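What follows is a set of notes on a single structure, which appears directly below.
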Amino acid sequence: MLMPTPSEEYQFVLDALQKHHTWFRECIPLIASENIPSPAVREALTTDFGNRYAEGWPGERVYAGCRFIDQVEFKCIELMKRLFDADFVDVRPISGVVANLVVYTAFTEPGDVMMALSIPCGGHITMGKKELGGTAGAVHGLVVEYLPLDYKELNIDVDKAKQRIEKLAAEGKPPKLVMFGASVFPFPHPVKELADTIHAVGGTVGYDAAHVAGLIAGKCFQDPLREGADVVSLSTHKTFFGPQHGGVLSWEKYADKIKRATFPGMVSNHHLHAVAGVAIAAAELLEFGREYARQVVRNAKALAQALYERGFNVLAEHKGFTESHVILIDITKYGDGGTIEETLEKANIIINRNLLPWDIKEGRHFQHPGGIRLGVSEITRLGMKESEMAEIAEFIKRVVIDKESPEKVAADVAEFRKDYQKVHYCFENATEAYQYIKIR
Ligand SMILES: *Cc1c(COP(=O)(O)O)cnc(C)c1O
């Protein structure tokens, strides 16, 4: 067989990009960690900023050519400070993972104890133990102890957490850092309730807002900095609807160590096109964030309710399923999370399988867990409201419960999607959300 020519390979990649765009116009995107940025953010991502270096702090760069880059980065910092009412902001971490590494570097030493939720309980791989290859353990050498989760409440158990923190301190292993926040984050964490206990043993209160940053910005979730958090890490592309990037929020007294941890510690180039995109998204959130965040939470509750009424075991029904963008479903009645994820994808419904807190104990693992996780940030950005949530629940039911052919449902999903092609909660939307933009 003849090898394809470089030109054919080149065309293959471009074709795949275009096919992805065409496909996503016809899908219902329900991945809780994803969103769609505005056309202005996408425009920023195509600019020459993405080809430049600007090591250091704006105004004190190690490179020339940063005249406008500095203006944009200062503006980004200023807007993020306003949005989060934060004393100090570093917008250089290039992702949420890097932001967490900045936090670990600034506030801990290898060998220190850190507490966070385990992965089945909603914790993120960045909070994982060394044995599991998690960032905290394997990269920064932290000894990870788990925060206890109340399975029924889907939240950290305050009394047990206090006991565990005090026990660790009594054993001479006080947690130097306690990271709140999670990847399954339906309810605000008890930061206020635990901050004094953590500070009393000499610990730092960290808060990973990767998932909920957009809801915090929209004043629809807890406000960690006012509840006792010393430092907050975030992603700028989950509920915060910017480009894929990260950031750290904190107080002026910690500015120097956070700056140093970021550079020279964690970044050299810091994706300047994305910094511009974050600044644009921050301006959009200042203008539209409250309305957007309120609709996100309403949609999440509406989707949960509609699925529950159709027979799905949506968790935490007794407390309204969720106070954020995400819902967690025990899917074991109908199969395993992995298989359901695959079948729904054939119906153009994009969700992800997820471990339930008790899965490991029941012998289930990540490939075929007992749960699925659904998030509504992206469909909210596409202009969907409560009534569309009922339609989406019906599509999911047809595939999962009625076992209708996913291909048949896919056609109906594509038809349904036709009315939702623009990005909402932004200043200008001349192009469609998933429009393929050719600039060759
Ligand atoms: C997604 C996520 C991150 C990391 O985000 P990236 O921006 O993808 O690096 C960190 N923490 C939590 C809790 C997350 O869910």
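The values are calculated or read from the model by the stated rules, or taken from the named source; none is laboratory data. Bear in mind that the values here come from a model prediction, so they are computed numbers and not experimental data. Quick reminder, even Gly has a Cβ in these numbers, built from the backbone with ideal geometry, and neighbours come from all protein chains shown.
Let me confirm something: among D230, D208, which residue is within 16 Å of the ligand (Cβ to nearest atom), of a type in the set (D, E, K, R) and closer than 17 Å to L101 by Cα?
Answer to the check: D208.
How many residues does region 153-174 hold that are surrounded by fewer than 14 Cβ atoms within 10 Å (Cβ to Cβ) and of a type in the set (S, T, N, Q)?
Residues meeting the conditions: 1.
Quick one: which residue in E73, E131, E60, E43 is away from the ligand (no atom under 16 Å from the Cβ), under 30 Å from D150 (Cα atoms) and not polar (S, T, N, Q)?
Testing whether each residue is away from the ligand (no atom under 16 Å from the Cβ), under 30 Å from D150 (Cα atoms) and not polar (S, T, N, Q) leaves just E131.
In region 76-104, which residues are free of Cβ contacts under 8 Å to residues at least 40 places away in the same chain and either of a type in the set (D, E, K, R) or within 16 Å of the ligand (Cβ to nearest atom) (or both)?
Once the filter is applied, which keeps residues that are free of Cβ contacts under 8 Å to residues at least 40 places away in the same chain and either of a type in the set (D, E, K, R) or within 16 Å of the ligand (Cβ to nearest atom) (or both), region 76-104 yields E78, K81.
Does F12 meet the test of being modelled with pLDDT of 95 or more and either in contact with a helix residue (DSSP H, G or I) (Cβ under 6 Å, 6 or more places away or on another chain) or crowded, with 16+ Cβ neighbours inside 10 Å (or both)?
Here the answer is no, as F12 does not meet what is asked.
Can you say whether H189 is of a type outside the set (S, T, N, Q), closer than 22 Å to L374 by Cβ and without any contact (Cβ under 8 Å) to a residue 60 or more places away in the chain, as far as the supplied structure shows?
Considered against the rule, which asks whether it is of a type outside the set (S, T, N, Q), closer than 22 Å to L374 by Cβ and without any contact (Cβ under 8 Å) to a residue 60 or more places away in the chain, H189 comes out as yes.
Can you tell me which residue among A32, A54 is over 21 Å from Y436 (Cα atoms) and either within 16 Å of the ligand (Cβ to nearest atom) or not in a loop (DSSP other than H, G, I, E, B) (or both)?
After applying the criteria, what remains is A32.
Filter region 176-194 down to residues that are away from the ligand (no atom under 16 Å from the Cβ) and either among the basic types (K, R) or surrounded by 20 or more Cβ atoms within 10 Å (Cβ to Cβ) (or both), then give me how many there are.
Of the residues in region 176-194, 3 are away from the ligand (no atom under 16 Å from the Cβ) and either among the basic types (K, R) or surrounded by 20 or more Cβ atoms within 10 Å (Cβ to Cβ) (or both).
Testing K422 on (1) in the same structural domain as N313 (by TED's automatic domain parsing); (2) at negative phi, one condition comes back false. Which one is that?
(1)
With the condition being farther than 28 Å from V267 by Cβ, I'd like the helices (runs of 4 or more DSSP H) fully within region 140-251 carrying at least 1 qualifying residues.
Here the list reads 158-170, 191-200.
Tell me, which residue of region 240-257 that is among the small types (G, A, S) and away from the ligand (no atom under 12 Å from the Cβ) is surrounded by the fewest Cβ atoms within 10 Å (Cβ to Cβ)?
Once the filter is applied, the top-ranked residue is A255.
Condition first: at pLDDT 95 or above, within 18 Å of R373 (Cβ to Cβ) and either within 16 Å of the ligand (Cβ to nearest atom) or more than 21 Å from the chain's Cα centre (by Cα) (or both). Can you find one or more residues in region 157-175 that meet it?
So far as region 157-175 goes, no, none of its residues is at pLDDT 95 or above, within 18 Å of R373 (Cβ to Cβ) and either within 16 Å of the ligand (Cβ to nearest atom) or more than 21 Å from the chain's Cα centre (by Cα) (or both).
For L117, are the conditions met, namely being touching a residue at least 40 places away in the same chain (Cβ under 8 Å) and in contact with a Phe, Trp or Tyr (Cβ under 7 Å, 6 or more places away or on another chain)?
Judged against the criteria, L117 is a match.
Output the residues belonging to region 126-139 that are in a loop (DSSP other than H, G, I, E, B) and surrounded by 15 or more Cβ atoms within 10 Å (Cβ to Cβ).
Result: G128, K129, G134.
Please name all residue pairs, on different chains or six or more residues apart, with Cβ atoms under 6 Å, provided the first residue is in region 298-314 and is free of Cβ contacts under 8 Å to residues at least 40 places away in the same chain and the second residue is surrounded by 22 or more Cβ atoms within 10 Å (Cβ to Cβ) and in a helix (DSSP H, G or I).
V314/A304; V314/L307
Give the residue, chosen from V178, V184, V231, that is touching a residue at least 60 places away in the same chain (Cβ under 8 Å), farther than 19 Å from V158 by Cα and either touching a Leu at 6+ places or on another chain (Cβ under 6 Å) or in the same structural domain as D87 (by TED's automatic domain parsing) (or both).
Just a single option satisfies the conditions, and that option is V231.
If I ask for residues that are part of a loop (DSSP other than H, G, I, E, B), in contact (Cβ under 8 Å) with a residue 40 or more places away in the chain and not β-branched (V, I, T), which ones from region 105-114 would you list?
Correct list: E109, D112.
Mind counting the residues in region 335-379 that are within 15 Å of P406 (Cα to Cα) and part of a loop (DSSP other than H, G, I, E, B)?
3
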